[in-house]
Amino acid sequence: MDRVQKAIILEDLKKKMVFLVGPRQVGKTWLAKNIAKDIPGSIYLNYDHMADRKIINNESWIESTQLVIFDEIHKMKNWKNYLKGIFDTKTKHLQMLVTGSARLDTFRKSGDSLAGRFFAHRLLPFSPAELTKTKSEIDLEQFMKRGGFPEPYLTSNDASARRWRLHYRDGLIRQDILDFERVHDFKALRLVFDLLRSRVGSPVSYSSISRDVGVSPNTVKKYIRIFQDLFIVFSVHPHSRNIARSIQKEPKIYFFDNGLVHGNEGAIFENFVAICLLKETMTRTDQLGYDYELCYLKTKEGKEVDFCITCDTKPEILIEAKKTRKDISSNLRYFSNKYNIPGIQIVQNLKHEFKSENIEVRRAKDYLETLFL
């Protein structure tokens, strides 16, 4: 099954080099090799393989090569200057696709040696919108239980999905995190990870977690930053015109893998909606060039709406996620009326959709299928 982003990546490769980033095992290498099938004269080089590393160091691919795929190139010393040199001196017909672990996205943001030379595409787990565009079958309950990563979602049974997740979780913690940054208290990091799994959808209190784990609030922030840098979790901050104030307020933390969430069905459903909306904002930013962001709204009095999508910091739509409740949330109505912003209440189990003033109440599956990606 083709990933929907393939077509635009093929077009972007004709203009600049392309960075393909995203969570571990989300399908980056598979997509890169799938793209290579459409470009005759492609070569795939993985920096972890010694034979490939020699070709990379010597730049010894044949001159007629049309596409070079660099996988795990961020492990090479001075890799950004290396890619800059290749791009600035390459033949006109050579295209460059760079992919690897999630760390690539973190490293590419530091320094400006590659500025203006690449397009970035963030590959996230399957969503109802993506499966709709590829005419694939959509099972919302399966998304809730298995998450949207290709292997567990497409596997034939739940047991295989659970086995995949055990290996995936251990690989994230024992390999990726320890390889990414030196961590002195592995047990504390694991406790923070497990606590976050059970607090999805609630503003994170660094001081509360620090007391539970026995480390400082700054250490908790450090561990969560590592989880974010590795595409394990993502944060949703409260929207504020004052950006610095918004960042200081407590974020809500969600997992890219819906199957990692511990909690009631409402929290699992909210996490899944968050993934779909994040994918919406990231894809619109990557492909349309506007600055979309996923945030939430909250007043000093405690009125709160789950999600708000902004474009260039301007709120465009409010979204509330509900497992079964069909009557419109009073907080959603409050914010919609106060700021004259349309609202959507997404309900997982809903018989009849309806609209009241500026708010639509929609079946989750039907609404999520209509998103950009």
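The values are calculated or read from the model by the stated rules, or taken from the named source; none is laboratory data. As the structure is a prediction and not an experimental result, all values here were calculated from the model. Glycine gets a Cβ as well: all are built from the backbone with ideal geometry, and neighbour counts include every protein chain shown.
Computed values, structure above
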| item | result |
| --- | --- |
| Near pairs, Cβ below 7 angstrom, 6+ apart or cross-chain, from segment 297-325 (without any contact (Cβ under 8 Å) to a residue 60 or more places away in the chain) to any residue that is assigned to a strand (DSSP E or B) and basic (Lys, Arg) | GLU304/LYS298 |
| Residues that are modelled with pLDDT under 95 and hydrophobic (A, V, I, L, M, F, W, C), drawn from segment 155-177 | LEU166, LEU172, ILE173, ILE177 |
| Matching residues in segment 309-321 - criterion: being in a strand (DSSP E or B) and either out of contact with any Phe, Trp or Tyr (no Cβ under 9 Å at 6 or more places or on another chain) or within 11 Å of PRO342 (Cβ to Cβ) (or both) | ILE309, LYS314, PRO315, GLU316, ILE317, LEU318, ILE319 |
| HIS74 of a type outside the set (Asp, Glu) and within 30 Å of ARG225 (Cα to Cα) | yes |
| Considering residues of segment 184-208 that are small (Gly, Ala, Ser) and part of a loop (DSSP other than H, G, I, E, B) only, the residue surrounded by the fewest Cβ atoms within 10 Å (Cβ to Cβ) | SER198 |
| Exclusive hit being touching a residue at least 40 places away in the same chain (Cβ under 8 Å), β-branched (Val, Ile, Thr) and either in a loop (DSSP other than H, G, I, E, B) or surrounded by fewer than 16 Cβ atoms within 10 Å (Cβ to Cβ) (or both), set ILE39, ILE9 | ILE39 |
| Residue satisfying condition, being among the acidic types (Asp, Glu), touching an Asp or Glu at 6+ places or on another chain (Cβ under 6 Å) and surrounded by fewer than 16 Cβ atoms within 10 Å (Cβ to Cβ), within set ASP212, ASP291, ASP306 | ASP291 |
| Flag for GLU59 being at positive phi, at pLDDT 95 or above and more than 21 Å from the chain's Cα centre (by Cα) | yes |
| Selection count, segment 79-97, where residues are under 17 Å from ASP52 (Cα atoms) and either loosely packed, with under 13 Cβ neighbours inside 10 Å or out of contact with any helix residue (DSSP H, G or I) (no Cβ under 9 Å at 6 or more places or on another chain) (or both) | 1 |
| Filtered residues of segment 276-288 (kept if buried (at least 23 other Cβ atoms within 10 Å of the Cβ) and among the β-branched types (Val, Ile, Thr)) | THR283 |
| Criterion: surrounded by 20 or more Cβ atoms within 10 Å (Cβ to Cβ), in a strand (DSSP E or B) and under 14 Å from the mean Cα position of the chain (by Cα) - qualifying residue of VAL273, VAL236 | VAL236 |
| Failed item in (1) in a loop (DSSP other than H, G, I, E, B); (2) closer than 26 Å to ASP291 by Cα; (3) among the hydrophobic types (A, V, I, L, M, F, W, C), with ILE328 passing the rest | (2) |
| Test for ILE224: is it closer than 25 Å to LEU31 by Cβ, of a type outside the set (Phe, Trp, Tyr) and under 20 Å from the mean Cα position of the chain (by Cα) | no |
| Cβ pairs under 7 Å, 6+ apart, first in segment 337-356 and hydroxyl-bearing (Ser, Thr, Tyr), second not in a loop (DSSP other than H, G, I, E, B) | TYR339/PRO315 |
| Single condition SER110 does not satisfy, out of (1) at pLDDT 95 or above; (2) more than 30 Å from TYR153 (Cα to Cα) | (1) |
| Hits in segment 283-296 - residues which are free of Cβ contacts under 8 Å to residues at least 12 places away in the same chain and in contact with a Phe, Trp or Tyr (Cβ under 8 Å, 6 or more places away or on another chain) | THR285 |
| Residue in segment 69-78 that is β-branched (Val, Ile, Thr) and not in a helix (DSSP H, G or I) present | yes |
| Residue within segment 240-258 that is of a type outside the set (Lys, Arg), surrounded by 20 or more Cβ atoms within 10 Å (Cβ to Cβ) and in a helix (DSSP H, G or I) present | yes |
